[in-house]
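Take a look at the structure below.
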Amino acid sequence: MDETTKAVGLVFWHWFVLAAALGTLEILTPGVFFLWLGVAALCTGVIVSVLPFMASSSQLIIYAVISVIMVLVAWKFMKRNPIKSEQPLLNLRSAQYVGKTFTIVDAIKDGSGRIKLGDSTWKVEGPDAPVGSVVKVVAFHGAVLTVEVVSKADDTTPSVEQTEAEESLQKSLKDPLDQK
């Protein structure tokens, strides 16, 4: 080998290997970020194959510049052409409840209470309302739902959940030997 080949630390195939590694990483991770870095490595490899005696520092600078350009172009393209989905609210669980009605299980006092959703309860904010009132979700911020009262329950009337819980408790406390 002559002295000029020894002085060059990176050769074109290093960039092709980096492009393949970044392509593999892109496949294994969500998003579309490593793809553009891989394309930049591929472009740098092509440039280095045309200019084989380029210094490693120059190659790294070219890679950095092409990477920044690729990422910015891809970002602008993705911003203008968002990916459409058949289920846009799939990962926005709070948004799925907007417009639906639910029953309050913990009274809304001082603007805060809870409603039952499936097998869990969610925190709600809205006007004060007693247990058993029906509320409609009108907005959300994070995991807190904003509600408006559709119909208020009478404070003295126990909710369905309370009645079922009381009956279940009475059955469990009943003496099994009592035949009544």
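Annotations
- Filter result for residue 145 (modelled with pLDDT of 65 or more and either of a type in the set (A, V, I, L, M) or in a strand (DSSP E or B) (or both)): yes
- With respect to (1) part of a loop (DSSP other than H, G, I, E, B); (2) at pLDDT 90 or above; (3) buried (at least 16 other Cβ atoms within 10 Å of the Cβ), the lone exception for residue 127 is condition (3).
- Residue count, the stretch 107-124 (criterion: of a type in the set (D, E, K, R), at pLDDT 90 or above and closer than 20 Å to residue 92 by Cα): 2
- With a requirement of 1 or more residues that are open to solvent by less than 60 Å² (accessible area, probe 1.4 Å), within 30 Å of residue 141 (Cβ to Cβ) and of a type outside the set (Ser, Thr, Tyr), the helices (runs of 4 or more DSSP H) lying completely within the stretch 1-102 that satisfy it span 93-96.
The values are calculated or read from the model by the stated rules, or taken from the named source; none is laboratory data. Owing to the predicted nature of the structure, the values given are computational and were not obtained by experimental measurement. In this analysis, Cβ positions are derived from the backbone assuming ideal geometry, glycine residues included, and neighbour counts consider all displayed protein chains. Heads up: the accessible areas ignore ligands, DNA and RNA and are worked out on the full protein's heavy atoms, side chains in. Shrake-Rupley method; radii C 1.70, N 1.55, O 1.52, S 1.80 Å.
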